[in-house]
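**Q** Before I ask anything, here is the structure I am working with.
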Amino acid sequence: MVQKSAEELAKKQRDISIAEFFEKNRHLLGFDNPRRSLLTAIKEGVDNALDACEEARILPELNIEVIQLGETRFKIIMEDNGPGIVKEQLPKIFAKLLYGSKFHKLAQSRGQQGIGISAAVLYGQLTTGKPAVITSKTGRNKPAHQLKLKIDTTTNKPDVSDDREIDWSEKDHGTRIEIDLEGSYTKGRQSVDEYIKETAIVNPHATIIYTNPEAQQFIFPRAAEELPAEAKEIKLHPYGVELGTLIKMLETTDAKTLQQFLTTEFVRVGTGTAKEICQNSSLLPNTKPAKFSREMAEQLHNGIQKTKIIAPPTDCISPITNELLEKGLRKEINAEFYCSTTRPPAVYRGNPFIIEAALAYGGEQEGDTTVRVMRFANRVPLLYQQGACAITNSIQNTAWRSYGLQQSKNSLPSGPCTILVHMSSVWVPFTSESKEALAHYPEIVKEIKRALQECGRKLASFVNKKRRIKEEGKKRSYIEKYIPHVADALKELIGLDDINTKKVEDNLYEILEHARGELEEIKIDNPEYDKELAKIGKEQDDNDDNYEDEKEVKTEKPIKERNENKITEEKQKTLI
Amino acid sequence: MTTKKDINVIAKITEIAKGIYGKIKLIKQPELEMPIRALSNVEYNTEDGYFKQLNNKKTRTLTASTIKTFAQTLRMMNLSKKLIETDDIATKREAYYVSKNWGDARFREQPESDTVMDDIEAMMGVNREQIGFIPGEKGGAVAGKLTVIDIDKETGKELRIDCTKFGAGAYSIPSSVEHLQFETNAKFVLAIETAGMFERLNKHKYWKNENCVIIAMSGVPTRATRRFMRKLSDENKLPVYVFTDGDPYGYFSIYRTLKVGSGNAAHINEFFCVPKAKFIGVTPQDIEDYKLPTHPLKEVDFKKIKDVLNNDPFCLHHKEWQKALKQMAKMRVRVEQQAFSAHSLNFVMEKYLPDKLKNSKTWLP
């Protein structure tokens with residue numbers, strides 16, 4: 001074997017461009033197969049558009065169109081009425097990976113890293129060789145700019161191939177993006193149709209017009225005229241900072257002393273707390289941040305964990321609110337019972353978050369399958385990786401049997417039910433960059449379970465009521481069945497005539513019905529149900545090989561059957 | 001032929017039906033009242049030696065959940081009235097089939113109709129035969145030094161049945177025994193739990209050597225079998241000895257019911273038990289004395305022992321039985337009549353029974 005020198009090896013060692021990295025690892029960002037890629041590209045566009053509108057306090061109006069160009073080639077067009085983007089920023093925002101405004105601040109938003117939309121542009125470019133076309137206008141009297149953009153994958157720099165001013169008179173302001181890409185359009189629960197619909201459900205303040213490749217146009221009109229409360233930016237909470245980040249912050253801070261660093265860079269740290277942290281870290285408050293060694297930083301990091309610091313403020317999060325959540329569910333599902341809950345804010349690793357849950361039970365839902373789970377994070381539907389998500393895990397570990405659903409141990413319950421869970425946070429912890437599954441932080445799992453339990457208790461009382469009414473109905477029919485027999489027997493025993501026999505029957509009805517009172521009725525009473533909306537995404541796709549709702553293998557017998565066995569056992573015992 | 005007693009039953013049925021009708025006319029919930037049929041509603045009358053019914057009643061008010069049974073009870077009362085009026089009878093099974101004409105009110109299983117029948121019987125405070133129903137069950141088998149005098153229904157003549165002349169077979173006790181008379185010079189009656197043991201004793205003409213009557217009960221003795229033995233005990237002054245398996249069922253389902261009656265049909269206990277019966281075996285002590293092969297007690301056996309020790313008035317009265325049951329629970333075993341075969345097939349006849357009959361100290365009350 002020929003040995004190689006370090007020098008030789010060094011020749012092969014060089015920078016890896018982030019764009020090159022993506023090219024090889026696009027699955028990490030959700031571009032692994034044509035079907036999912038189409039969805040991910042649209043998702044990134046919609047996320048950005050909604051974020052931009054909300055940040056500028058504009059009620060969003062989105063127009064999304066998917067056009068099929070060839071068997072596997074699509075053009076997606078996404079247009080919003082946002083504030084627009086100044087011309088200088090356009091290339092970087094759309095054609096440079098890891099460029100954005102959201103990574104460095106802590107505020108509730110859909111996007112986080114600044115990868116999404118440029119990844120979509122890159123994906124289109126890689127699969128079709130075509131540049132993305134971006135049009136943006138920032139005000140009524142300003143010109144609209146149209147750019148053709150590509151990403152130079154070796155340098156991760158935008159490559160502008162065409163740049164012109166155009167007339168875009170129908171819009172005062174807004175942004176439009178067109179990307180050609182390879183994809184595959186399917187129906188079903190993981191389809192673009194479903195994604196758009198769910199987005200409309202959890203963003204009732206947005207109007208979304210969507211045209212699918214079959215040229216069907218869906219209009220989801222705005223259901224709420226008010227924007228969600230403005231997402232406030234907060235500084236990092238000391239508990240949430242990692243050592244590496246801390247070292248970096250110490251390097252770049254303008255603060256002159258450690259105490260000043262702590263009070264200015266973090267939330268919830270006043271002079272008193274800062275001094276306490278210094279004491280717990282065995283560091284002097286007037287140490288210069290610039291002079292920090294790695295060891296000192298580690299001391300500080302440990303000191304922070306030892307200090308009691310009040311939880312971060314939580315007014316920086318705007319939940320959907322349980323009323324709107326329930327309203328959305330009513331549109332989608334024609335059920336007999338709805339309930340929802342919004343938990344008080346909680347904190348994981350220094351990041352505040354709020355969990356909301358809602359469920360719909362009975363009605364037109366199928367009863368013998370596992371429940372349908374709808375997951376959302378910061379108002380974005382999560383359609384993939386259900387099995388890896390903390391929401392799914394929390395549902396599986398909640399005891400649904402006591403709430404009236406069937407459930408084998410540690411699996412999703414079954415019954416005519418849909419469970420919806422939404423997490424809002426200044427920083428949603430996803431398990432990967434494709435942002436489809438929540439990470440399993442104990443605090444988050446605990447909050448989700450509490451929200452589910454709150455809904456579950458309400459569900460249980462409804463299921464019980466339903467059962468009582470059913471039994472009552474049974475008893476009524478029972479009465480009707482046997483009254484004639486009582487009358488008949490009396491007729492023969494004491495020789496009543498027909499008139500008196502009839503009277504006995506009438507009186508018996510009065511006696512028995514009187515004691516029972518009015519019969520309640522449970523039925524679907526849901527004027528908000530939108531049949532057309534509910535249909536979207538329902539059609540199952542035949543080659544749904546990637547669909548993650550794994551058909552669960554039911555090993556346990558259904559409860560009813562088990563009870564019957566028990567009864568026969570008991571009967572046998574009494575016979576002995 | 002409707003007798004005066006029968007007219008009383010008809011009158012009572014009509015009276016109950018009229019009471020119900022009266023309530024319904026006033027738009028009030030009608031009720032049926034009947035004695036509670038359980039051990040909790042009897043006391044052990046030591047003077048007369050049987051379980052006497054107490055006065056606790058249960059009321060079945062007509063509601064949505066009781067209406068089916070209510071209708072069935074009335075239907076059954078009506079059937080009973082018709083049977084008496086036409087001097088007919090129906091077996092329990094037949095009554096069950098009659099109900100199949102009642103549409104939705106029909107019985108699904110015979111135990112359901114039996115329960116309703118027992119309720120009516122207790123409500124009237126009479127014997128089942130008096131309301132026109134007879135048991136479908138087979139009575140006991142009899143062999144030995146006994147002549148039963150029956151009457152031929154066609155001719156009205158006496159029928160003399162010699163119970164020594166059935167060979168390998170036996171005389172079968174009819175469902176109604178009230179009219180029977182006996183002639184015997186036997187010294188005692190031996191009541192045996194299993195048909196198998198009866199066969200062995202009969203085959204070897206055990207009754208000839210011992211000068212006795214043997215009766216197979218085949219489990220809990222039927223009312224007729226109990227009444228049959230009672231007549232032998234009362235009218236012919238024969239002692240009755242009982243021989244069952246050594247387990248809680250043999251002691252307190254078979255022997256106790258034979259001797260003092262049951263909680264379930266307490267209203268007829270007075271006539272349908274044999275207070276003078278004595279238990280000769282197999283006792284828990286016999287297991288040790290005769291070194292008998294055993295089986296472990298089952299969960300149900302322990303449950304029965306516990307239940308009897310706590311609730312059975314007969315057991316609560318007799319320390320000897322409490323001692324025997326506790327001994328059995330401690331030994332954790334039960335024994336079958338056939339276990340004596342381990343010594344030799346005729347050990348039971350040649351050794352065990354003669355020994356036991358001689359020594360009344362080994363018996364249980």
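**Q** From the set of residues in region A:437-472 that are of a type in the set (G, A, S) and out of contact with any Lys or Arg (no Cβ under 7 Å at 6 or more places or on another chain), which is nearest to A:L329 (Cα to Cα)?
**A** Looking at residues that are of a type in the set (G, A, S) and out of contact with any Lys or Arg (no Cβ under 7 Å at 6 or more places or on another chain), I get A:G456.
**Q** Return yes when A:K197 is basic (K, R) and assigned by TED's automatic domain parsing to the domain that holds A:G70 and no when it is not.
**A** When the stated conditions are applied, A:K197 does not pass them.
**Q** Filter region B:167-187 down to the residues that are buried (at least 17 other Cβ atoms within 10 Å of the Cβ) and modelled with pLDDT of 90 or more, then identify the one that is farthest from B:A90 (Cα to Cα).
**A** Looking at residues that are buried (at least 17 other Cβ atoms within 10 Å of the Cβ) and modelled with pLDDT of 90 or more, I get B:A186.
Here's the yes/no breakdown for (1) assigned to a strand (DSSP E or B); (2) more than 21 Å from A:S109 (Cβ to Cβ):
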site	(1), (2)
A:R330	no, yes
A:P344	no, yes
A:A360	yes, yes
A:Q365	no, yes
A:P381	yes, no
A:T392	no, yes
A:I395	no, yes
A:S408	no, yes
A:M423	yes, no
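**Q** If you check A:F74 against the conditions, is it in contact (Cβ under 8 Å) with a residue 60 or more places away in the chain, surrounded by 21 or more Cβ atoms within 10 Å (Cβ to Cβ) and more than 24 Å from A:N378 (Cβ to Cβ)?
**A** Yes; evaluated as a whole, the condition is true for this residue.
**Q** Looking at (1) over 30 Å from B:N101 (Cβ atoms); (2) modelled with pLDDT under 90; (3) not small (G, A, S), can you tell me which one A:F462 breaks?
**A** Condition (2) is where A:F462 drops out.
**Q** Turning to a different aspect of this structure: Taking into account only those residues within region B:86-95 that are closer than 18 Å to A:L493 by Cβ and assigned to a loop (DSSP other than H, G, I, E, B), which is farthest from the other protein chains (Cβ to nearest Cβ)?
**A** B:D88
**Q** Please find, within region B:48-85, the residue that is farthest from A:E472 (Cα to Cα) out of those that are away from chain A (no Cβ under 14 Å) and of a type outside the set (D, E, K, R).
**A** This residue is B:G49.
**Q** Between A:R176, A:R189, which is at pLDDT 90 or above, crowded, with 16+ Cβ neighbours inside 10 Å, basic (K, R) and not in a helix (DSSP H, G or I)?
**A** A:R176
**Q** From (1) closer than 23 Å to A:E198 by Cβ; (2) within 11 Å of another protein chain (Cβ to nearest Cβ); (3) hydroxyl-bearing (S, T, Y), pick out the condition that doesn't hold for A:S414.
**A** (2)
**Q** Inside region B:195-221, can you point out the residues that are surrounded by fewer than 20 Cβ atoms within 10 Å (Cβ to Cβ) and β-branched (V, I, T)?
**A** B:V220, the sole residue that qualifies.
**Q** Output the residues belonging to region A:436-459 that are closer than 23 Å to A:V371 by Cα and of a type in the set (D, E, K, R).
**A** A:E436, A:K446, A:E447, A:K449, A:R450, A:E454, A:R457, A:K458, listed by residue number.
**Q** Any chance region B:40-49 includes a residue that's crowded, with 17+ Cβ neighbours inside 10 Å, touching a residue at least 12 places away in the same chain (Cβ under 8 Å) and more than 20 Å from the chain's Cα centre (by Cα)?
**A** Looking through region B:40-49, none of the residues is crowded, with 17+ Cβ neighbours inside 10 Å, touching a residue at least 12 places away in the same chain (Cβ under 8 Å) and more than 20 Å from the chain's Cα centre (by Cα).
**Q** Taking only region A:133-156 into account, find how many residues are hydroxyl-bearing (S, T, Y), more than 19 Å from A:I177 (Cα to Cα) and surrounded by 16 or more Cβ atoms within 10 Å (Cβ to Cβ).
**A** Going through region A:133-156 one residue at a time, the tally reaches 1.
**Q** Another one. Please go through region A:131-152 and give me each residue that is over 32 Å from the mean Cα position of the chain (by Cα) and either among the basic types (K, R) or assigned to a loop (DSSP other than H, G, I, E, B) (or both), ordered by number.
**A** The answer is A:G139, A:R140, A:N141, A:K142, A:P143, A:K148.
**Q** Further, regarding this structure: Which one of the conditions (1) in a helix (DSSP H, G or I); (2) of a type in the set (A, V, I, L, M); (3) more than 30 Å from B:K153 (Cα to Cα) does B:V98 fail to meet, given that it meets all the rest?
**A** (3)
**Q** Look through B:P248, B:P239 and report the one residue that is surrounded by 22 or more Cβ atoms within 10 Å (Cβ to Cβ) and either assigned by TED's automatic domain parsing to the domain that holds B:D312 or out of contact with any Cys (no Cβ under 7 Å at 6 or more places or on another chain) (or both).
**A** B:P248
**Q** How about region A:491-516: which of its residues are under 19 Å from B:N78 (Cα atoms), more than 8 Å from chain B (Cβ to nearest Cβ) and not basic (K, R)?
**A** Of everything in region A:491-516, those that are under 19 Å from B:N78 (Cα atoms), more than 8 Å from chain B (Cβ to nearest Cβ) and not basic (K, R) turn out to be A:G495, A:D497, A:D498, A:N500, A:T501, A:E505.
**Q** May I ask you to say which residue of A:I448, A:I444, A:I483 is part of a helix (DSSP H, G or I), aliphatic (A, V, I, L, M) and within 14 Å of chain B (Cβ to nearest Cβ)?
**A** Exactly one residue qualifies, and that residue is A:I483.
**Q** Given the structure, is B:K68 of a type in the set (K, R) and either without any contact (Cβ under 8 Å) to a residue 12 or more places away in the chain or more than 30 Å from A:E505 (Cβ to Cβ) (or both)?
**A** Against the criterion (of a type in the set (K, R) and either without any contact (Cβ under 8 Å) to a residue 12 or more places away in the chain or more than 30 Å from A:E505 (Cβ to Cβ) (or both)), B:K68 does not qualify.
**Q** May I ask you to list the residues in region A:352-370 that are crowded, with 24+ Cβ neighbours inside 10 Å and over 13 Å from the mean Cα position of the chain (by Cα)?
**A** Listed by number, the residues that qualify are A:P352, A:F353, A:L359, A:A360, A:Y361.
**Q** While we're on this one: Just to verify a result, which residue in region B:14-24, among those that are more than 7 Å from every other protein chain (Cβ to nearest Cβ) and either among the charged types (D, E, K, R) or surrounded by 15 or more Cβ atoms within 10 Å (Cβ to Cβ) (or both), is farthest from B:S80 (Cα to Cα)?
**A** B:K23
The values are calculated or read from the model by the stated rules, or taken from the named source; none is laboratory data. Just so it is clear, the structure is predicted and the values come from calculations on it, not from any experiment. Neighbour counts run over all protein chains shown; Cβ positions are idealised from the backbone, glycine included.
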